[in-house]
Structures are given as C-alpha cells and as structure tokens.
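*Asks:* Structure provided below as structure tokens; questions to follow.
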Amino acid sequence: MESAVGAAALGKQKPMAAAEGKNRRALGDIGNLVDARGAIEGKQLPQQISRPITRGFCAKLLANAQAAAAAANQKPDAAVVDNGVKPKAAARQKAAMIKPEQPAKVIEINSDSEEGKTKNSTNEKNTSEGLSRKNKVRTLTSILTARSKVACGIKAIEDIDAPDSENQLAVVDYVEDIYKFYRLMEASSRVHDYMGSQIEINDRMRSILVDWLIEVHNKFELMPETLYLTIHIVDRYLSIKTVPRRELQLVGIAAMLIASKYEEIWAPEINDFVCISDRTYCREQILIMEKNMLNVLEWSLTVPTLYVFLVRFLKAAVSDKEMEDMVFFYAELALTQYSVIAYCPSMIAASAVYAAQCTLKKSPLWSGTLRHHTGFSEAQIMDCAKLLVNFHSLAAESKLKVVYRKYSSLERGAVALFPPAKLEELKADAI
C-alpha cells in the first residue's frame with residue numbers, strides 16, 4: 001500500500017518538475033565565495049575572505065614578507081639609544097613597513113554593479129583601443145579607390161555589416177560567403193510548377209491550406225522561420241507525390257510538425273495538432289504522414305527559404321519597424337498565392353522590399369546597396385513587385401483574410417490598411 005502511494009506521489013511530482021524545467025529563470029549572482037550583497041548594503045563582511053591569487057595580490061604578499069624579514073634581521077643596538085628606548089621615528093617606519101592585511105574588497109559580478117563595470121572597462125581599455133586603431137587604419141589603396149569612384153560618379157556600397165563587427169553571432173567575416181552559398185542552393189532546392197501533376201487538388205485548395213497554416217502558426221506563436229519552412233516542405237512534397245484531397249490538410253499538419261522540430265526550442269505536440277484540426281486526423285495518421293514525407297524529401301531540410309533572404313535585404317534597406325512589417329506582409333501574401341512559385345525565393349524577397357519601399361514612399365526606392373546585396377535591378381524585379389502590389393489591393397475583398405487581419409492589428413503597425421502603391425508609379429520609377 002505504501003509503495004502504491006509513493007508511486008502515485010512520484011507520478012504527481014514528474015509533471016511539476018517538467019513544468020519547473022520549462023519555466024526557466026535568469027541566473028542571479030555569479031557565485032562569489034563571499035556574499036557581496038552584505039558589503040553593498042552596509043553589513044560587516046566576515047574576517048576570513050577567500051579571494052583569487054591575482055598578480056597584484058601576489059606582489060603585495062611578497063612585499064609584506066620581504067618587509068617583515070628585513071625588520072627581523074635588523075640589529076637591536078642600531079635602533080636603541082643610550083636609555084634603551086626606541087625612537088618614535090623608528091616605530092613609525094616599522095609600522096609603515098609592516099601593514100596589517102586589510103579585508104579584500106569583494107566586487108559583485110552583476111550587470112547592475114557600477115564597480116564591476118568600472119573594473120571591466122579598466123581591464124579592457126588597452127584591448128579596445130588597440131582594436132579601434134586597427135579598425136580605423138585606412139590603406140593608401142583604399143583611399144585612392146574611393147577617390148576614383150567619387151571622381152567617376154560611382155556611389156560607394158554601404159557596409160551594412162559594420163555595426164555588427166563586434167557581434168560574433170553576426171559572423172560578418174563570412175556572411176557574404178554564406179549568402180553566395182544560399183544563391184547556389186536555392187536553384188537546386190527550388191520548387192517548380194507542379195499543380196498540373198495533381199489530380200484532386202488545385203491552386204485554390206493550396207491557398208486555403210496555406211491561409212489556415214498561417215493562422216495555426218500565429219495561434220501557436222511559433223518562430224517566423226517555422227512558417228516559411230513549413231510552406232516550403234508542403235510545396236516540395238506536392239511536387240513529388242500525388243496527394244488526394246482528403247489528405248491535403250494532413251500534409252500541412254505534418255509539414256508544420258517537421259518544421260517545428262527543426263526550428264523551435266519547444267515544438268508543439270502531436271495532440272495539439274489533433275485538437276487544432278478538430279480531430280480530423282488521429283495521432284497515428286500524423287506520425288505515418290511525417291515519416292512518409294521525411295523519406296520522400298530524403299531528410300533534406302536545410303534549405304534557403306524566403307525568410308533568410310528577407311532578413312538580409314531588410315538589413316540592406318536600413319529598415320525600421322514599419323518597413324519590416326510591410327515587407328513581411330507582402331511576403332506572407334506571396335506564400336498564399338501559387339502563382340508566385342514561378343519566382344525564386346531571393347527575387348520574391350527583393351520584390352517584397354521594393355514594393356514596401358514604394359508603398360511607404362521611401363527614397364530612394366532602390367539604392368546601390370540594395371542592388372549589390374540582392375543582385376537584382378529594378379527592371380528585373382518589376383513584374384514580381386507588381387504581382388505583390390496586386391495581392392495587396394485585393395486582400396481586403398478576398399475570402400482568405402488571415403494575413404490581412406494579422407497585419408491590420410496595431411501590433412503589426414496596421415500596414416495592411418495602407419493604400420497600395422500604384423502600378424503606374426512602379427513602372428515610372430523603374431524607367
């Protein structure tokens with residue numbers, strides 16, 4: 001009986017432990033051997049203080065030892081007068097040579113500690129000055145090249161990665177090589193027209209599915225990378241396998257499950273997808289479809305989606321929050337429309353940036369920096385940009401309103417309510 005009660009108690013503790021594991025808290029103080037909070041609040045520190053043996057502290061100990069040894073080896077008659085009493089000067093000198101060890105001051109390693117900031121800034125001053133000098137060095141060749149471009153009327157390309165030179169996660173040293181590789185990979189992983197090979201589904205059904213997946217993605221509050229990878233997996237699978245109409249939604253569910261496992265830290269569970277689909281499919285059907293899709297795609301999920309080009313081109317456009325919302329609005333409108341599949345992801349991303357620039361009336365509409373990083377001129381992206389602007393003009397009257405409602409909210413800047421750019425203006429700007 002007791003074992004059964006104990007097992008039940010353990011069974012109750014497991015979910016609580018799992019819940020506590022998910023509710024992570026930021027770390028507090030980084031374990032100093034002595035609590036520094038008492039020193040900051042005015043409390044008296046303990047007498048025995050353990051501290052690291054730094055070079056300065058070791059030199060201080062050595063100096064005290066040498067002073068003590070010199071005082072011990074001093075002759076007694078040299079420091080004593082006729083009456084046998086030491087002079088006050090000798091006593092003061094000895095006291096100065098042997099100073100009592102003071103308790104070491106403990107500095108709390110915390111972002112709110114001004115002492116920690118001062119110490120860190122002092123220790124890293126020379127290093128930062130050296131780095132800044134290296135960054136400011138300009139060779140004669142670079143100066144002459146810049147002057148030649150100015151003389152010829154060529155505008156210099158802005159270094160969009162300069163603000164992130166100290167951010168290791170930005171990998172500015174080889175970010176250009178990464179996007180050159182993305183350009184090569186998007187050609188091999190690109191999905192071409194496949195709807196002609198499908199018997200029971202059409203482009204309208206695909207639009208309904210994508211519209212629903214965007215709503216599910218927003219409901220689960222998933223990362224934006226997950227949405228773009230989900231639609232890519234759906235299109236790749238449909239381009240290879242013929243899917244009956246009754247399994248189309250199952251393909252979308254399995255694709256989002258796969259993308260969530262690839263991109264998310266906490267992916268939704270299968271039961272969440274069962275409930276969100278109103279129990280149209282059971283757990284076993286989702287698992288079977290997931291396995292089938294992974295085998296058909298040969299487990300190849302590392303592909304350059306539309307999202308990776310969007311974030312790079314937004315950086316080249318020096319965008320603000322309103323600009324970002326407008327670009328992602330055009331990008332998600334493009335996801336719902338099958339006709340956009342005729343364009344590669346990088347061109348769709350560049351067209352979304354250009355259409356957003358025109359809608360928000362930015363100047364210039366297409367700078368030399370954007371042309372350099374996107375690899376497209378205004379004339380090359382004009383047809384795709386017109387298509388996106390047309391989707392914007394029809395979004396309010398469309399029956400598929402998930403994207404329109406999403407970007408009509410104040411949280412997204414209500415960019416969907418902006419009047420769309422006029423096609424004549426786009427054509428005139430390109431000319």
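*Asks:* Which pairs turn up if I take residues in the range 401-423 that are without any contact (Cβ under 8 Å) to a residue 12 or more places away in the chain and look for partners that are outside any loop (DSSP other than H, G, I, E, B) and surrounded by fewer than 19 Cβ atoms within 10 Å (Cβ to Cβ) with beta carbon separation below 6 Å, at least 6 apart in sequence or on another chain?
*Replies:* Listed pairs, sorted by first residue: 408/417.
*Asks:* Here's a check for you: in the range 396-405, which residue that is at pLDDT 95 or above and either of a type in the set (A, V, I, L, M) or crowded, with 19+ Cβ neighbours inside 10 Å (or both) is farthest from residue 217 (Cα to Cα)?
*Replies:* 404
*Asks:* Further, regarding this structure: Which residues, counting only those in the range 353-384, are touching a Leu at 6+ places or on another chain (Cβ under 6 Å) and without any contact (Cβ under 8 Å) to a residue 60 or more places away in the chain?
*Replies:* Matches in the range 353-384: 357 only.
*Asks:* How many residues, within the range 173-203, are open to solvent by less than 70 Å² (accessible area, probe 1.4 Å), at pLDDT 90 or above and either part of a loop (DSSP other than H, G, I, E, B) or polar (S, T, N, Q) (or both)?
*Replies:* The qualifying residues number 6.
*Asks:* Within the range 256-279, can one find any residue that is closer than 27 Å to residue 339 by Cβ, without any contact (Cβ under 8 Å) to a residue 12 or more places away in the chain and over 26 Å from the mean Cα position of the chain (by Cα)?
*Replies:* No, there is no match, as no residue in the range 256-279 is closer than 27 Å to residue 339 by Cβ, without any contact (Cβ under 8 Å) to a residue 12 or more places away in the chain and over 26 Å from the mean Cα position of the chain (by Cα).
Residue-wise test of (1) aliphatic (A, V, I, L, M); (2) open to solvent by less than 80 Å² (accessible area, probe 1.4 Å); (3) closer than 30 Å to residue 363 by Cβ.
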site	(1), (2), (3)
260	no, yes, no
283	no, no, no
287	yes, yes, no
290	no, yes, no
302	no, no, no
309	no, yes, yes
313	no, yes, yes
323	yes, yes, yes
328	no, yes, yes
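The values are calculated or read from the model by the stated rules, or taken from the named source; none is laboratory data. Just so it is clear, the model here is predicted, and its values are computed rather than measured. Ideal geometry is used to build each Cβ from the backbone, glycine not excepted, and the neighbour counts take in all protein chains shown. Side chains are part of the model used for accessible areas, which takes the heavy atoms of the whole protein and leaves out ligands, DNA and RNA. Shrake-Rupley method; radii C 1.70, N 1.55, O 1.52, S 1.80 Å.
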